[in-house]
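Right, one structure below, let's go through it.
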Amino acid sequence: TILVGAGTYTGDLENVNYKDGLTVRGIDRDEVIIDSSEVGGYAIHVDNTENVTLSNMTLDASDDEDIHNFLVKADYSSNFTIEDFVIEGPGKDYPEVYSWGETVGGLDMNTVVGATVENLTVRNVSRNGISFKNVEDISLTNFTVEDSGHTDSFAVAAVVFYEEDTTLNEITGSIENVRLGVNTDGGFKFDGEETGNVGYIGEGAKVAPLGGVPDDENSDAFALNVTNTNWKVYKDGTAFYFHTETDAEDGRKYISDNNDWLDSDSDIVDITD
């Protein structure tokens, strides 16, 4: 175990030798600040390890002057835990002139078995806040993603689940000021049930299996601590849910302009009844 005392540390934790079983724990996440604003690449990269834990720190890239991609990366590992942690990006509209390759995301996991994310706050990132790809047995609890997602990109989300090997066991959290709340793709499964491809726009929503309407009667849905959405655009097992009818109209136009599966005149459905 590495215990990090109070203070602001300039640089990154990418080159830490993350041996199996290593814990890096700050004394208090409000008092241990890792200033990675001038660091290119990942600020933290946990690769090919088992049983690594990061906790009680704030990773601050609010004055970012370089390309980060994602601030925290974990891949080809097992039983990775990040808890009581804050990731602070350079702003939801960084860079000012949108370029996907220069946007900054929060936490990205790829090819991990056993992932625990607890009390993680991600703020002011322009790419996805929390992203899982080929990650099995995810526990994502008490997370917050806020003020994130570049205004000029429809594709970025607060939380993203990709690929059929990605399985989620539990989820609780909140999303604020992120246009696309939760996006699932490629056969992702929650509690053993395949969800299909489902996206949520607005202040947040509920996620229901196979694109079903996310209402309080759907016992298979999992709920985020946010306002329910009221409108949807739906076709062929894929649904996008929107907070307002205007959002739905804007979303339909964007999706139809960029995806073959949706027509520009597809129905927008009021699901409040």
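Read-outs throughout are calculated quantities, based only on the coordinates presented, and are distinct from any laboratory measurement. Everything numeric here is computed off the predicted structure, so don't read it as measured data. Cβ atoms come from the backbone with ideal geometry, glycine included; neighbour counts cover every protein chain shown.
Results, tabulated for the structure shown:
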quantity: Rel. contact order, % - alpha carbon contacts under 8 angstrom, at least six apart, the range 20-104; calculated: 32 percent
quantity: Kirkwood-Stokes translational diffusion coefficient of the range 51-144, alpha-carbon pairs, 10 °C, 1.306 mPa s, µm²/s; calculated: 119 µm²/s
quantity: Under 5 Å, built H, 5+ apart or other chain: amide partners of N177; calculated: D147
quantity: Net charge over other residues, Cβ less than 9 angstrom from the Cβ of V46 (K, R count +1; D, E count -1); calculated: -1
quantity: S266-D47 FRET efficiency (beta carbon distance; Förster radius 25 Å; 0.05 resolution); calculated: 0.05
quantity: Table column - 3J(HN,Hα) (Hz), the range 22-30, Karplus curve with 6.51, -1.76, 1.60, x for Gly and Pro; calculated: 6, 10, 10, 10, x, 6, 6, 5, 7
quantity: Dimensions (Å) - the range 1-98, Cα atoms, principal axes, largest first; calculated: 41, 30, 19
quantity: Ratio Rg/Rh, restricted to the range 101-164 and using Cα atoms, in which Rh is the Kirkwood radius; calculated: 0.97
quantity: Exposure proxy order (Cβ contacts within 10 Å, fewest to most) of T111, T49; calculated: T111, T49
quantity: Stretchable slack from E245 to I2, in nm (0.36 nm times residue separation minus alpha-carbon distance); calculated: 82.4 nm
